[in-house]
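**Q** The structure under discussion is supplied below as structure tokens; questions concerning it will follow.
Coordinate-derived values only; no laboratory data. Keep in mind the model is a prediction, meaning the values are calculated, not measured. Note that we place each Cβ from the backbone using ideal geometry, even for glycine, and neighbour counts take in every protein chain shown.
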Amino acid sequence: MIGSAVPRKEDAALLTGRGTFVDDIHRPGLLHMVYVHSTEAHALISGIDAEEARSLPGVLGVWTARDFAGLPPRPSVPGLERGYLAGDKVHYVGEPVAVVVAADRYTAADAARAVRVAYEPLPVMATVADALAPDAVPIFAPLPGNLALEQQVTPDDVTADLEAAPNRLRARLVNQRCAGTPIEPYGVLADWAGAGPTVWATVQAPHRVRAEIAERFGLARHLVRVIAPDVGGAFGVKSSFMPELFLAPELSRRLGRPVKYVETRGEHMVHTYHGRDQVQDVEVGFDAEGRVLALDVTITVNVGGVPDPVGIGLATLTSYMLGGCYRIPKIAARFRSVVTNTTPTASYRGAGRPEASFLIERVVDLVARELGKDPADVRKVNLIQPDEMPYQTPFEGIVYDEADYPAALDLLLGELDYAGLRAEQARRLADPAAPLLGVGLSTFVEMGGFGPTPLFEQFGYLGGWESANVRLQPDGSVIVLVGTAPHGQGHQTALAQIAADQLNVPFEAISVLYGDTAVVQEGTGTMGSRGMPVAGNAVRQAAAEVAAKARTIAAHMLEADADDVVPIGDGFQVNGAPEATVTLAAVAERAFKPHLLPEGTVLGLENTAYFEPKNLSYPSGAHGCVVEIDRDTGRVSILRYVCVDDCGTVINPLTARGQIHGGVAQGIAQALYEKVTFDGDGRPLAASLEDYMVPGPLDLPPYETHHIETKSSFNPLGAKGLGEAGATAAPQAVVNAVVDALAHLGVRDVEMPCTPERVWKVMHDAS
Amino acid sequence: MIPAAFSYVRAGSVEEALDELSRHGGAARLLAGGHSLLPAMKLRRAEPGVLIDIGRLRELSYVRADGDRIAVGALTSHRTLERDPVVAEQVPLLAAAARRIGDQQVRNRGTIGGSLAHADPAADLAGAVLALDGVLVARGPSGVREIPAREFFTGRCRNALAAAELLTEIRLPAAPGRSYAFEKFSRRALDWAVVGVAAQERPGGGVAVALIGMGPTPVRATAVEEALAAGTPAAEAARLAAQGCEPPDNAVASASYRAHLAEVLVTRAMAAL
Ligand SMILES: Cc1cc2nc3c(=O)[nH]c(=O)nc-3n(C[C@H](O)[C@H](O)[C@H](O)COP(=O)(O)OP(=O)(O)OC[C@H]3O[C@@H](n4cnc5c(N)ncnc54)[C@H](O)[C@@H]3O)c2cc1C
């Protein structure tokens, strides 16, 4: 089954509207929680008047920060503890200031509007520049200033290397702030019945959430049940510990009734954490062939008003991946995480790695341009060769697994008809009536398969392994329990394919369950492209154990030696004796009959495996984009988008393509459409989907997808992960194409998003 | 995304709707396709106390040829305008504009009366009706009156209707065989216009040019029209597109880019005529 494009088990329910999302779940006596969000970016709270709100019929109460003073703070960087609601002051527009609970959502919304918060304005610092200015005042109280973290990631100093390099150039690159905008926003339903709460939530790591809830409430973990039902997209933004994860259970405990919170789209745009938002100052030294000799990078990250423990250190991952797929001997990297009066930033699809890939891929293009060389040629002289794998990067512990970067690039150039495109580009340049043509390349590598444990612990997880329990039912059908919590990836399908191969049972006879801490053994979760490289291997390992035991029982039933028993169609056969067969169903039933089994056989056919990867995996590939630019309006149209991906073993080509399509769509969105913006007063300017430009299907090109499969030696399946590859590869493929189309005008850079107006201005200013 | 409380009545006839409007005064709003009003309510930009649903008044959904005029009922959907044979033959500009509105769901629900009454400065149909020299028919407690499209849009999302008036019909001079063009520039394929141009060769001669997204209301590009009438070449006339406009300067587009777009789109519209 591995490698076959079976349709997804998930789709029948989801496509007919029969999925179960948090907002679909109803409990008797359900109450609704709504936030009062800050309307100010930076202000002292001088008073909260909730009298009118409390008096509305149907309102059960209004609570402010003081009412939760007894609850230990949210998971935070030690020393930078975050509460649940704004206390004395607000740090950004959208920060929760109070919470209202009412019998229905309409009343709750009315009551939230009736709460009057008095603010005493403080100076607003909505940009990094303002927050670091000499007259800036500290925003987040535990910090003496707005520089939350300054880290030297490598001890290297490359000043001498840069000075010695035959050529050098500098660039400032901007990776703008994006919003996750999953179709389903954040939601929590908590029902504290009995000794502890059951919490349905749109999360990516239910066991971790269970641990954090249990810790806050001083409960043993078995008393807390966390369920992630169908989750309508997450993209990393559902891995942050939003206050509602704890407030809903706490209010359910106090009120003795279930409490539901479901974010509105408008709230999502200001309340759920954003991603990216880096400014990168780069200096690169290179020789006449374009070989990169040294790279010096300073990254400045806008972490928003209340630093998130993941967001504050995310640029570490950016730093690790700065070398891309190139043999760069020396890299010096440092980053600064800066507090501003904006929504906090944290993980968003790729979480730190797309920013690195963008940087190095733009830099390689700049080097090519500076030398008057073709960007493809400059890539070729720098690419790490397959015989250098595994490749130790300049960063300790960051070792790339097997891949063939040059083969990916060659395949891409062939599929693009690169030479043909260059000729067409020249032809159009000579014809003032023809739209400009640009070709952009992105040879990328990213980091997947998160673990292993020593790394993943640093993000607060119990481990970097993943777990699977494979259990044969007495009729030979199979239930797999897996510790991931997918939200669109299709684990029911891909993991069933892996189990089917090991167990020799039909794909249809396998159900994969996940997302419920009362059902699934300890698990880690879904993030960091870890589904196939980590959970896939856990399923494989557990299934292999079960298959081995089934074979032993079959041998007993066939009165043969286990070594002589071979799997056939729907069961086992004694080698060379076609009539001596037994079905798997018979074996499975036998596994529950102690009196018919050899003495000492453990009953049942099941196994739980915890798979710890040797290291991270490194999905890679080469993407190419062909754009056309309207000379009159600056509009960029994507004519072709070609992907070559190497995610190691492809479990299901259909779902793999789905991951690439979605990831590339988000990458194109970042390149051309999306940006979270604030005005000088820190007021969001793109707080609805009318203003925040999520592209639709008609705005996106058809994708041409190709794979090369270089198996990773870091895990037995040879899988590397794929969830974030598209979003990592695409932005610079598009931007490189846009800049390429304008290069004849002397244009070196176009900041993302390359909107028609921005491109038009760049063209206008250049000519 | 959660509207304030409101009460709801469904009007069984135009008279009933008018009665309800008079009864509730300023607190009431008519509900047609709901595709501008309901989003506004969900965002709490509008908090009407009463909704008077006229969505089922089939008698206001029609397209009729009436001599040299085409009469379109206020509740005619965008989708109908897109596909109606009379529209296609007599006022094809209207179909061209309707086709560019939102997505099919929006076009199925949204109505011409709702779009015009909502008076969004970037509404596609407003541009078309303005270029077609349409006349809007309003019914109120004191009877029926006609309002020329040029006088109908009084400000950003403001119109010339009195509180208790209802739009019943849009009358358009038939322009069979006359050339027309509708050029819309939007950030996304299914999106509001940043700037749009509706151009119509008039039955009596000359060209009418209307702009959307170039000010608080849709406007006629009078300078362009006059230049064209005086025989100025189209490309030169197009340079006057933004003359007299006060285009919005916001996150969607700057005023200067809009002015540039107006010129580009007028040029393209002229070339398409
Ligand atoms: C996703 C989306 C995309 C859209 N994209 C576009 C686009 O690209 N281009 C575009 O032009 N529009 C677009 N629209 C708006 C759409 O065209 C609306 O349908 C239209 O603006 C309003 O028509 P309605 O019938 O839905 O009016 P309603 O929303 O019901 O009413 C709008 C206003 O008009 C008043 N009103 C309605 N009928 C009458 C009447 N007969 N007499 C007096 N007052 C009346 C109402 O009281 C209300 O104030 C979009 C809407 C959505 C939701």
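**Q** What whole-number volume per residue, in cubic angstrom, does the convex hull of the C-alpha atoms of chain A give?
**A** 173
**Q** On the Cα set of the stretch B:1-116, report Rg and Dmax in Å, please.
**A** Rg and Dmax of the stretch B:1-116, Cα atoms, are 15.4, 47 Å.
**Q** What does the charge dipole of the stretch A:1-122 about its Cα centre add up to, to the nearest 20 debye, if the Cβ of each Lys and Arg holds +1 and the Cβ of each Asp and Glu holds -1?
**A** Charge dipole, the stretch A:1-122, about its Cα centre: 380 debye, nearest 20.
**Q** Average partner chain C-beta neighbours within 10 Å, per residue of A:741-754?
**A** Average per residue, whole number: 0.
**Q** Apply the Karplus curve 6.51 cos²θ - 1.76 cosθ + 1.60, θ = phi - 60°, to the phi angles in the stretch A:71-84 and return the couplings in whole Hz, x for Gly and Pro.
**A** So the Karplus estimates, Gly and Pro as x, are 7, x, x, 5, x, 9, 5, x, x, 10, 5, 10, x, 9 Hz.
**Q** Another one. Under a Cβ-only charge scheme (Lys and Arg +1, Asp and Glu -1), can you give me the dipole magnitude of the protein assembly as shown about the Cα centre, in debye to the nearest 20?
**A** Using only the charged Cβ atoms, the result is roughly 2080 debye.
**Q** If neighbour count is taken as other Cβ atoms inside 10 Å, put A:V505, A:V602, B:V87 in order from fewest to most.
**A** A:V602, B:V87, A:V505
**Q** Here is a further query. Would you kindly state how much longer the chain becomes between A:Q458 and A:D281 on full extension, computed as 0.36 nm times their sequence separation minus their alpha carbon distance, in nm to one decimal?
**A** Answer, rounded to one decimal: 61.0 nm.
**Q** Right, another one. Mind giving me the FRET efficiency for B:R64 and A:Y106? R0 is 41 Å, r the Cβ-Cβ distance, nearest 0.05 is fine.
**A** 0.45
**Q** Show the residues, 5+ positions off or on another chain, whose built amide H is closer than 5 Å to the amide H of B:N159.
**A** B:T154
**Q** So for the pair B:S142, A:H26, with labels modelled 7 Å out along Cα→Cβ, what separation do we get in nm?
**A** For the pair B:S142/A:H26, the computed spacing is 5.1 nm.
**Q** Okay, moving on. Whole-Hz Karplus ³J(HN,Hα) for the stretch A:746-761, in order, using 6.51 cos²θ - 1.76 cosθ + 1.60 and θ = phi - 60°, x for Gly and Pro?
**A** Ordered by residue, 3J(HN,Hα) equals x, 6, 9, 8, 10, 6, 7, x, 7, 6, x, 4, 5, 5, 4, 4 Hz.
**Q** Let me ask something additional. Find how many whole Å separate the alpha carbon centroid of the stretch A:68-92 from the alpha carbon centroid of the stretch A:428-466.
**A** Cα centres, the stretch A:428-466 to the stretch A:68-92: 33 Å.
**Q** Moving to a separate point now. Cα-Cα over 21 Å: which of A:K330/A:K380; A:K380/A:K614; A:K238/A:K675; A:K614/A:K720?
**A** A:K380/A:K614
**Q** Let me ask another. Set Lys and Arg Cβ to +1 and Asp and Glu Cβ to -1, take the dipole of the protein assembly as shown about its Cα centre, and tell me which of A:L455, B:A255, A:A165 lies farthest positive.
**A** Positive-end residue among those listed: B:A255.
**Q** Return A:I651, B:I147 ranked ascending by Cβ neighbour count within 10 Å, so the fewest neighbours appear first.
**A** Lowest to highest Cβ neighbour count: B:I147, A:I651.
**Q** Still on this structure, I have one more. A:E150 to A:E163: extension gain in nm, 0.36 nm per residue of separation minus the Cα-Cα distance?
**A** 2.2 nm
**Q** Counting alpha carbon pairs within less than 8 Å and at least 6 residues apart, what relative contact order, in whole percent, applies to the stretch A:607-664?
**A** 29
**Q** Leaving out same-chain residues fewer than 8 places away, which lysines sit with a Cα under 26 Å from that of A:K593?
**A** Within the straight-line cut-off, A:K593 pairs with A:K549.
**Q** In whole Hz, what ³J(HN,Hα) sequence does the stretch A:335-351 give by Karplus (6.51, -1.76, 1.60; θ = phi - 60°), x for Gly and Pro?
**A** Each residue of the stretch A:335-351 in turn: 9, 10, 10, 10, 7, 9, 7, 9, 4, x, 10, 7, 5, 8, 2, x, 5 Hz.
**Q** Sticking with this structure for a sec: Of B:G155, B:T168, B:Q90, which is farthest on the positive side of the dipole of the stretch B:58-173, counting Cα position, with +1 on Lys and Arg Cβ, -1 on Asp and Glu Cβ, and the Cα centre as origin?
**A** Highest projection toward the positive end goes to B:G155.
**Q** Let me ask something additional. Pop a pseudo-label 7 angstrom from the Cα along the beta-carbon direction at both B:Y8 and B:R158 and give the gap in nm to one decimal.
**A** In this crude spin-label approximation the distance works out to 3.1 nm.
**Q** Let me ask something else. Of the peptides A:70-77, A:703-710, how do they stack up when ordered by the mean number of other Cβ atoms within 10 Å, highest first?
**A** Per-residue mean Cβ counts within 10 Å order the peptides as A:703-710, A:70-77.
**Q** A:R362: net charge of surrounding residues, Cβ under 12 Å, Lys/Arg +1, Asp/Glu -1, itself excluded?
**A** Net charge around A:R362: -3.
**Q** When Lys and Arg each count +1 and Asp and Glu each count -1, what net charge do the other residues less than 11 Å away from B:G177, Cβ to Cβ, add up to?
**A** -1
**Q** Taking beta carbons within 10 Å but only from partner chains, what does the mean come to for residues A:684-696?
**A** Mean partner-chain Cβ count within 10 Å for A:684-696: 3.
**Q** Shifting gears a bit: Find how much the distance from A:A580 to A:D387 grows on full extension, using 0.36 nm per residue of separation minus their present alpha carbon separation; answer in nm with one decimal.
**A** 64.6 nm
**Q** Something else: Can you tally the net charge around A:A591? Count Lys and Arg as +1, Asp and Glu as -1, for every other residue whose Cβ sits under 10 Å from the Cβ of A:A591.
**A** With Lys, Arg at +1 and Asp, Glu at -1, the net is +1.
**Q** Just to confirm my numbers, what's the Cα centroid distance between the stretch B:50-91 and the stretch A:701-724 in Å?
**A** 54
**Q** If you average the C-alpha positions of the stretch A:159-197 and of the stretch A:628-665 separately, how far apart do those two centres end up, in angstrom?
**A** So the separation of the two Cα centres works out to 21 Å.
**Q** Mind giving me the nanometre distance, one decimal, between the label points for A:V174 and B:D19, set 7 Å out from Cα along Cα→Cβ?
**A** 6.0
**Q** Related question: What ranking do B:209-218, A:133-142 get when scored by the average of other Cβ atoms within 10 Å per residue, highest first?
**A** Sorting B:209-218, A:133-142 by mean packing, highest first, produces B:209-218, A:133-142.
**Q** Continuing with the same structure: Give the relative contact order (percent, whole number) for the stretch B:7-53; include only Cα pairs under 8 Å separated by 6+ residues.
**A** 57
**Q** So who's got an amide H within less than 5 Å of the one on A:V226, skipping anything under 5 residues away but keeping other chains? H placed 1.01 Å off N, in plane.
**A** Here A:V199, A:T517, A:A518 satisfy the definition.
**Q** Within 10 Å of each Cβ in A:699-706, how many Cβ atoms from other chains are there, averaged over the peptide?
**A** Averaged over the peptide's residues, the number is 1.
**Q** Among A:Y261, A:Y119, B:Y180, which comes first, then next, by fewest other beta-carbon atoms within 10 Å?
**A** A:Y119, B:Y180, A:Y261
**Q** Would you work out the relative contact order for chain A, in percent, from Cα pairs under 8 angstrom that are 6 or more residues apart?
**A** Relative contact order, chain A: 15 percent.
**Q** Among A:G515, A:A496, A:N537, which residue has its Cα positioned farthest towards the positive end of the charge dipole of the stretch A:493-565, with +1 placed on the Cβ of Lys and Arg, -1 on the Cβ of Asp and Glu, and the dipole taken about the Cα centre?
**A** After comparing all options, I get A:G515.
**Q** For a quick check: with amide H placed at 1.01 Å from N, whose amide H comes under 5 Å from A:I48's, ignoring anything fewer than 5 positions away on the same chain?
**A** A:A118
**Q** Calculate the dipole size of the stretch B:180-272 relative to its Cα centre from +1 charges on Lys and Arg beta carbons and -1 charges on Asp and Glu beta carbons; express the result in debye to the nearest 20.
**A** With Lys and Arg at +1 and Asp and Glu at -1, about 240 debye.
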